[in-house]
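The values are calculated or read from the model by the stated rules, or taken from the named source; none is laboratory data. Keep in mind the model is a prediction, meaning the values are calculated, not measured. Note: ideal-geometry Cβ built from the backbone for every residue, glycine included; neighbour counts use all protein chains shown.
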Amino acid sequence: MRILNDTALHKGMRKKLVDIIRQKGIRDEKVLDAILSIPRHYFLDSVLDKYAYEDRAFPIGEGQTISQPYTVAYQTELLQVKPFDKILEIGTGSAYQAAVLGHLQAKVYTIERQKGLFEYRKAHFPLASRYPNIKFFYGDGFLGLPAYMPFDKILVTAAAPFVPQPLLNQLKPGAFLVIPVDEGEGQRMKRITKHADGSISEELFDYFRFVPMLEGKQNGNMY
Ligand code: SAH
């Protein structure tokens with residue numbers, strides 16, 4: 001277990017990170033406040049402490065990564081989170097993104113397909129007392145979380161080969177899904193809205209690079 005210590009140095013580095021993300025185009029002050037408030041170094045191995053506030057992805061074990069802060073901010077901005085929104089996140093990973101959604105007072109349901117990552121995060125979520133509004137699940141995100149549907153928003157944080165139909169089914173009418181969809185070289189960020197009459201429309205945003213969204217659960221232990 002690592003010692004959680006959020007020093008003035010960390011806070012200073014976070015401030016600089018927020019400036020960088022703002023310069024890259026993120027405008028939502030609530031999202032920027034979440035990045036400013038959440039100690040990202042808690043979500044990384046302590047050897048990476050010095051680098052935790054660089055705007056880049058890092059390995060978290062099992063071949064997975066904690067997303068780049070800019071990407072987290074970008075996806076969160078697209079989600080237009082409101083307090084008490086019921087949000088499903090596919091790809092818990094480090095749970096940093098889940099913490100950002102938790103900070104915005106959403107009711108967060110986050111699902112991970114790798115058993116080791118899921119168990120580790122559920123047992124050692126560093127901000128558990130600060131964000132009791134986050135619940136952890138082990139499962140295949142292609143299937144969503146039917147027992148808890150419908151959701152106000154769904155966020156996919158892995159590269160999806162296509163838009164899984166169960167996720168559309170689990171959205172409330174008028175709700176939307178933010179998902180990076182594979183297009184050869186990278187993934188196109190899409191926001192897909194399910195209208196009250198059941199029809200679907202999509203908005204297109206920038207290109208990103210995520211680790212792949214894989215089908216089925218993986219049953220390996222990390223520790
Ligand atoms: N949101 C994470 C990003 C993690 S990277 C963070 O803030 O750190 C993407 C994660 O998605 C990985 O942990 C990977 O194991 C997971 N993943 C990939 N395919 C999945 C699926 N079908 N269902 C659930 N999780 C999946």
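Among the conditions (1) under 14 Å from LYS86 (Cα atoms); (2) assigned to a helix (DSSP H, G or I), the only one that ILE154 does not satisfy is (2).
Out of ILE66, ILE26, which single residue is aliphatic (A, V, I, L, M), within 12 Å of the ligand (Cβ to nearest atom) and closer than 15 Å to VAL100 by Cβ?
Selected residue: ILE66, the only one of ILE66, ILE26 that is aliphatic (A, V, I, L, M), within 12 Å of the ligand (Cβ to nearest atom) and closer than 15 Å to VAL100 by Cβ.
Scanning the range 45-63 for residues that are crowded, with 19+ Cβ neighbours inside 10 Å, among the aliphatic types (A, V, I, L, M) and more than 9 Å from the ligand (Cβ to nearest atom) gives a single hit, ALA52.
Assigned to a helix (DSSP H, G or I), of a type outside the set (D, E, K, R), buried (at least 21 other Cβ atoms within 10 Å of the Cβ) and modelled with pLDDT of 95 or more: does that describe TYR74? Quick ask: steps written out before the conclusion?
Numbers: assigned to a helix (DSSP H, G or I): yes; of a type outside the set (D, E, K, R): yes; buried (at least 21 other Cβ atoms within 10 Å of the Cβ): yes; modelled with pLDDT of 95 or more: yes.
Spelling it out, TYR74 is indeed assigned to a helix (DSSP H, G or I), of a type outside the set (D, E, K, R), buried (at least 21 other Cβ atoms within 10 Å of the Cβ) and modelled with pLDDT of 95 or more.
Here PHE205 fulfils each of the conditions (1) assigned to a strand (DSSP E or B); (2) crowded, with 17+ Cβ neighbours inside 10 Å; (3) hydrophobic (A, V, I, L, M, F, W, C) apart from (2). If we keep just the residues of the range 89-139 that are in a helix (DSSP H, G or I) and without any contact (Cβ under 8 Å) to a residue 60 or more places away in the chain, which is nearest to the ligand (Cβ to nearest atom)? This residue is TYR96. Under the condition of being of a type in the set (A, V, I, L, M, F, W, C), part of a helix (DSSP H, G or I) and in contact with a Leu (Cβ under 9 Å, 6 or more places away or on another chain), the residues counted in the range 8-42 number 7.
Could you please let me know if GLY141 is surrounded by 17 or more Cβ atoms within 10 Å (Cβ to Cβ) and in contact with a Leu (Cβ under 9 Å, 6 or more places away or on another chain)? Reasoning before the result, please.
Numbers: surrounded by 17 or more Cβ atoms within 10 Å (Cβ to Cβ): yes; in contact with a Leu (Cβ under 9 Å, 6 or more places away or on another chain): yes.
For GLY141, the condition - surrounded by 17 or more Cβ atoms within 10 Å (Cβ to Cβ) and in contact with a Leu (Cβ under 9 Å, 6 or more places away or on another chain) - is met.
Let me confirm something: among ALA99, ALA106, ALA34, ALA73, which residue is over 24 Å from PHE142 (Cα atoms) and out of contact with any Lys or Arg (no Cβ under 7 Å at 6 or more places or on another chain)? Break it down stepwise before answering.
Working: ALA99 fails: over 24 Å from PHE142 (Cα atoms); ALA106 fails: over 24 Å from PHE142 (Cα atoms); ALA73 fails: over 24 Å from PHE142 (Cα atoms).
None of the others qualify; the one that does is ALA34.
Filtering the range 168-185 to residues that are within 15 Å of the ligand (Cβ to nearest atom) and outside any loop (DSSP other than H, G, I, E, B) leaves LEU177, VAL178, ILE179, PRO180, VAL181, ASP182.
Considering each residue of the range 145-155, count those that are out of contact with any Leu (no Cβ under 7 Å at 6 or more places or on another chain) and crowded, with 16+ Cβ neighbours inside 10 Å, and give that number. Spell out how you get there, then give the answer.
Our first condition is that a residue be out of contact with any Leu (no Cβ under 7 Å at 6 or more places or on another chain); within the range 145-155, this holds for 146-149, 152.
Filter once more, so that each one left must be crowded, with 16+ Cβ neighbours inside 10 Å: 149, 152.
Count: 2.
Among the residues of the range 76-99, those that are under 9 Å from the mean Cα position of the chain (by Cα) and farther than 19 Å from ARG14 by Cα comprise GLU89, ILE90, GLY91, THR92, GLY93.
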